[in-house]
1. Determine whether Glu361 is more than 60 Å from the chain's Cα centre (by Cα) and either open to solvent by less than 70 Å² (accessible area, probe 1.4 Å) or modelled with pLDDT under 80 (or both).
2. Mind telling me which of the residues Lys327, Lys344 ends up being of a type in the set (Lys, Arg), out of contact with any Leu (no Cβ under 9 Å at 6 or more places or on another chain), surrounded by fewer than 11 Cβ atoms within 10 Å (Cβ to Cβ) and at pLDDT below 90?
3. Name, by its number, the condition in (1) open to solvent by less than 70 Å² (accessible area, probe 1.4 Å); (2) closer than 24 Å to Lys277 by Cβ that does not hold for Tyr298.
4. Kindly indicate whether any position in region 259-270 is in contact with a Ser or Thr (Cβ under 8 Å, 6 or more places away or on another chain), over 19 Å from Ser104 (Cα atoms), surrounded by 12 or more Cβ atoms within 10 Å (Cβ to Cβ) and at pLDDT 75 or above.
5. Tell me which residues, restricted to region 242-299, are touching a residue at least 40 places away in the same chain (Cβ under 8 Å) and of a type in the set (Ser, Thr, Tyr).
6. Is there a residue being under 26 Å from Val82 (Cβ atoms) and outside any strand (DSSP E or B) anywhere in region 125-139?
7. Before we move on, is Val101 closer than 25 Å to Leu212 by Cα, of a type in the set (A, V, I, L, M) and surrounded by 15 or more Cβ atoms within 10 Å (Cβ to Cβ)?
8. Looking only at region 72-102, count how many residues are farther than 17 Å from Ala167 by Cβ, under 45 Å from the mean Cα position of the chain (by Cα) and touching a residue at least 60 places away in the same chain (Cβ under 8 Å).
Amino acid sequence: MTEDMTVSKAEQKRRDSLLKKLSRKYNRKRQVNEFLLGKKTMTWQKVISITVDIICALMVIFSSIFCFNLLNSRTQGTPPSVFGYSALKIVSGSMQPEFSVGSSVMVQSADAHTLKKGDIIAFYVYGNNKNKYDATDAIPVDDSKNSVKHTLSVQQFFGIQSKQISAAASSGAMLVFHQIVAIERDSSGRYWFSTKGTNNASVDMWHIDEDLVLGVYVPSGFATWLAGVLGSTSSTIWLLLLLMIPIILLALSIIFETLKELQIIKLQKDCVEMKRKITDPICVKNKVGILMDKKSKYKVLAQADDEEKIEYANLLWGEGKVPNCVKEYFFRRNVLLAPLQKLKGINLECEQMVQSNVPMEQIVDYYLNERTKIDNELKKRYQYLKKVKDNRQYYSDETE
């Protein structure tokens, strides 16, 4: 007997421990669910949330294009290019003292026909003088009134350079950053540029075809800083990591919304299985009933207590959207409910009369008299139901 009692106590202790463990586990789950679904969101919070989502989406788009541009630049062997801007690093002293060796500069794609003397450009030069310049039909260009026109094609937006630039870069042509000293146009209308390093004594020996001009120098402090960032491997890695933040935030937002939707599905299942009432504040806030399928709605409504059915119907279909068949049910129930309630009252009254030793003949007379009144009232109400049957206008609060 003592051994059985010991085993029983040990088993009870094990069960209590398991119960506490499960209780803690499911309480934590409920707290998470209530945080996801039950937290009231203010209007300003919704505005901030939408704004953050838009900003994150734009940053994701920008970062995707940025990464695509860098990938294209690396594939082509051209300098890092973003939205028509290319970053260069000075490797010689031909442009000193304005541009020192190791400094970074930014050039932007431009219409070669709008360049003028004095503009500093980046261009490719073939070592075997493959430019095919013919001096016999070249004439000087009057560029005194020119204003540089920057260009940005769809290809350049995504970091894809022209075929001539890509071919020059892939064939090992030299990339030079010098100043224009003369411009000429041949008989076909093609422009050719003579250049010179500001620190060099003589003009360069080559003539540059307009198709080999990568871009014109952008004299901006921000552009110079950005060129340094793009030109630095470590800085570019950090920049890419920084641009990954909006992607992570957007992913977390999607995960959060997915968890919320899954929890709403779980709430629907709990309501159908009678583990939770549709009138639970969390269910009401998230319109769980309205999201249910038709079969589940009728099942939940059938399980509700009589005094809650009208409230359930409004939560399942929404105010003013309850189906006619449900309205008809409430109408019939409300029309016939009052006489039946009176009948219950008569039965209780008769029981009290029996307990008070009222003569049975008096009790029977009272019951039959009151029952006749109720029957007459029911007949009138049935006639009323028959009268309105064809109209099918039923109201949940009708108590004719």
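1. No: the conditions fail for Glu361.
2. Lys344
3. Tallying (1) open to solvent by less than 70 Å² (accessible area, probe 1.4 Å); (2) closer than 24 Å to Lys277 by Cβ, Tyr298 fails exactly one: (1).
4. Yes, that holds for at least one residue.
5. Ser253, the sole residue that qualifies.
6. Looking through region 125-139, none of the residues is under 26 Å from Val82 (Cβ atoms) and outside any strand (DSSP E or B).
7. Numbers: closer than 25 Å to Leu212 by Cα: yes; of a type in the set (A, V, I, L, M): yes; surrounded by 15 or more Cβ atoms within 10 Å (Cβ to Cβ): no.
It is false that Val101 is closer than 25 Å to Leu212 by Cα, of a type in the set (A, V, I, L, M) and surrounded by 15 or more Cβ atoms within 10 Å (Cβ to Cβ).
8. 9
The values are calculated or read from the model by the stated rules, or taken from the named source; none is laboratory data. Everything numeric here is computed off the predicted structure, so don't read it as measured data. Methodologically, a virtual Cβ is constructed for each residue, glycine included, from the backbone with ideal geometry; neighbour enumeration extends over all protein chains shown. Accessible surface is based on the protein model in full, side chains and every heavy atom, while ligands, DNA and RNA are left aside. Shrake-Rupley method; radii C 1.70, N 1.55, O 1.52, S 1.80 Å.
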